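The values are calculated or read from the model by the stated rules, or taken from the named source; none is laboratory data. Model, not experiment: these values are computed from the prediction. Note that we place each Cβ from the backbone using ideal geometry, even for glycine, and neighbour counts take in every protein chain shown.
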Amino acid sequence: MSAQAINSRESQIPEPNISRVLFADTRLAPVWLLIRLYLGALWLVAGWEKLTDPAGVWVGSKAGAAVAGFAQGAMAQTTGEHPQVTGWYASFLKDVVVPNAALFSYLVTFGEVLVGLGLIFGLFTGIAAFFGGTMNASYIFAGVAGANPLMFILATWIVLGWRVAGYWGLDRWVLPRVGVSGALGTIFHKRHAEGQGQSAQPEVMDENMNGVPSGEPSGVPAAK
């Protein structure tokens, strides 16, 4: 193991056992699966309704009409004694969203569909949940509550539990091969080793999504 890797680990605060159980223990994978499927279904249905809207106000010739109307409604909530929308977000809607309403319309529609599919199939689950939570926060800033607060909370949980949230999904096979920041995937490790020689010992993702130094056992049984 390189000195850089040792120093990096010494600077990290140890993870509490309760945190590891909740967010990294594969025995809780069925629980995360239920949360993931529920949240993914909400996003997929929302995106699909926009994509297939017969009025074509989300995608198509009238793309942007729905987003512009949504933004105008949000900006109208900045007045009164207790405004629902803050001034800075209203400025963002006015100066950025409304002039590019068609672009944001496509981003929202396909973003919701992709987030839903990512969560349902468990593919890049943490990334999908992050962008889903970002959209929920945007809707909340615009004064829309509904299911958004609950969806934001669930998305935040999934981001924290990304290592196990997609374990009963495609992440179980994809992440160990693609890798994550600070831990190379198996498909890139060989290429890295050939370029750096035997002296380099980067961390490699094992099949339980743990980063372990190359050439060292993870201490966790591989997924069957």
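Highlighted here are the helices (runs of 4 or more DSSP H) found entirely within segment 50-158 that include at least 3 residues which are at pLDDT 95 or above and aromatic (Phe, Trp, Tyr): 87-92, 101-121, 125-141. Residues that are more than 12 Å from the chain's Cα centre (by Cα) and within 30 Å of Gln84 (Cβ to Cβ) do occur in segment 113-130. Listed conditions (1) under 30 Å from Arg172 (Cα atoms); (2) outside any helix (DSSP H, G or I) are all met by Leu42, apart from (2).
Look at segment 39-67: where a residue is farther than 13 Å from Tyr106 by Cβ and a partner is of a type in the set (Val, Ile, Thr), sitting 6+ places away or on another chain with Cβ atoms under 6 Å, you get Gly40/Ile120; Trp43/Val115. Close contacts from segment 14-35, counting a first residue that is surrounded by 13 or more Cβ atoms within 10 Å (Cβ to Cβ) and a second that is of a type in the set (Gly, Ala, Ser), with Cβ to Cβ under 7 Å and a gap of 6+ residues or different chains, come to Leu22/Gly161; Phe23/Gly161; Trp32/Gly161; Trp32/Ala165. Checking the condition crowded, with 17+ Cβ neighbours inside 10 Å and within 20 Å of Ala137 (Cβ to Cβ), which residue from Gly64, Gly73, Gly111 passes? From the options Gly64, Gly73, Gly111, the qualifying one is Gly111. Every test in (1) modelled with pLDDT under 95; (2) assigned by TED's automatic domain parsing to the domain that holds Gly116; (3) within 25 Å of the chain's Cα centre (by Cα) is passed by Leu33 save one, and that test is (1). Is there a residue in segment 141-160 that is assigned by TED's automatic domain parsing to the domain that holds Leu119, closer than 10 Å to Thr125 by Cα, free of Cβ contacts under 8 Å to residues at least 60 places away in the same chain and out of contact with any strand residue (DSSP E or B) (no Cβ under 8 Å at 6 or more places or on another chain)? Looking through segment 141-160, at least one residue is assigned by TED's automatic domain parsing to the domain that holds Leu119, closer than 10 Å to Thr125 by Cα, free of Cβ contacts under 8 Å to residues at least 60 places away in the same chain and out of contact with any strand residue (DSSP E or B) (no Cβ under 8 Å at 6 or more places or on another chain).
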